[in-house]
Amino acid sequence: MSLRRDWEDCGAVLFDFDGVLADSEPFYRETWNLAISPSRPIGEGEYFLRWSFLGEGEQHLAEMGFAAHAREALRNRQKKLYGTLCRTGAIPLFPETAALLSWVSGKKPCMIASNTDSDLVRVVLERGGSPVPAVMGGEGLRHKPDPDIFLRAASVLGVPPGSCLVVEDAWKGIEAARRGGFKAVLVRTPHNRGLDAGAVLEARNLSHLFRVWKGEGGNDR
């Protein structure tokens, strides 16, 4: 198995969004800390491990003492705060995102499949000057590590899970892909260095993945 071979063999690509195409996770942490203020802020290390990588945000809030009804209110507050940042263009895309989405869309069916609501994904892409492919957001679906978002995306594209290649940056996404029968590649970032996602294939970063897919050389394992 190799990054290049999996790209050549797949029938469609499903991209995660936060942490893969958009450097949005620091802004999620910022808005969650605003939402829970004046409670103790969520530290950077614990956020990137428990919330971003493992998908344990709800559990962490419960451990912090927030009851179910309070957590619902906090989710609504955070979403409003984060949505404002999205609409003002504050959420940055990674430098390769626009060119990568344009290139992949011209080669194979692709879709963004994210826990984030689809309208927010679209506005971040638009504000960042990127092409906007089809988006399967997390609204109304169980979030990763459950496979529902990936399965719905594959169904919409009309491509069997086993023929889709998932691009992720977190254990929760790699696990969702595994549960759904998808192949997956983990993109390394400064935030997930040293964290074990159980991925078979890894790219050193998004630029590395793009270069290998285009056949521009470099180690593809």
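Readers should treat all values here as calculations from the given coordinates under stated rules, not as data from a laboratory. Quick caveat: nothing in here was measured; it's all calculated off a predicted structure. Quick reminder, even Gly has a Cβ in these numbers, built from the backbone with ideal geometry, and neighbours come from all protein chains shown.
What to note about this one:
- Helix 171-180 vs. the chain, principal-axis angle (Cα, 0 to 90°, nearest 10): 60
- Alpha carbon centroid spacing (whole Å) that separates the range 99-121 from the range 1-64: 17
- The helix-based estimate of mean residue ellipticity at 222 nm for the chain, built from -39,500 (n - 2.57) per DSSP H run of four or more residues and divided by its residue count, is -13000 deg cm²/dmol to the nearest 500.
- Selection among LEU14, TYR28, VAL187 by position relative to the dipole of the chain gives LEU14 as farthest towards the positive end (Cβ unit charges, Cα centre).
- Model label sites at ASP146 and GLU216, defined 7 Å from Cα along the beta-carbon direction, differ in position by 4.0 nm.
- Dipole moment magnitude, nearest 20 debye, the chain about Cα centre, only Lys, Arg, Asp, Glu C-beta charged: 200
- Per-residue HN-Hα couplings for the range 199-206 [Karplus 6.51, -1.76, 1.60; θ = phi - 60°; Hz; x = Gly/Pro]: 7, 6, 10, 9, 10, 5, 5, 5
- Backbone amide hydrogens, once placed in the peptide plane, bring GLY11 within less than 5 Å of CYS164, LEU165, excluding anything fewer than 5 places away on its chain.
- Pairs from the table (LYS172/LYS214; LYS108/LYS144; LYS80/LYS214; LYS79/LYS214; LYS80/LYS183; LYS79/LYS172) lying more than 30 angstrom apart at Cα are LYS80/LYS214; LYS79/LYS214; LYS80/LYS183.
- Nearest 10 degrees, 0 to 90: helix 25-36 Cα axis against the chain principal axis: 20
- As a rough footprinting exposure proxy, the listed residues ASP169, ASP117, ASP9 were ranked by other beta carbons within 10 Å of their own, and the order from fewest upward is ASP9, ASP117, ASP169.
- Amide H contacts under 5 Å for VAL187, placed H, 5+ residues apart: GLU168, ASP169, ALA203
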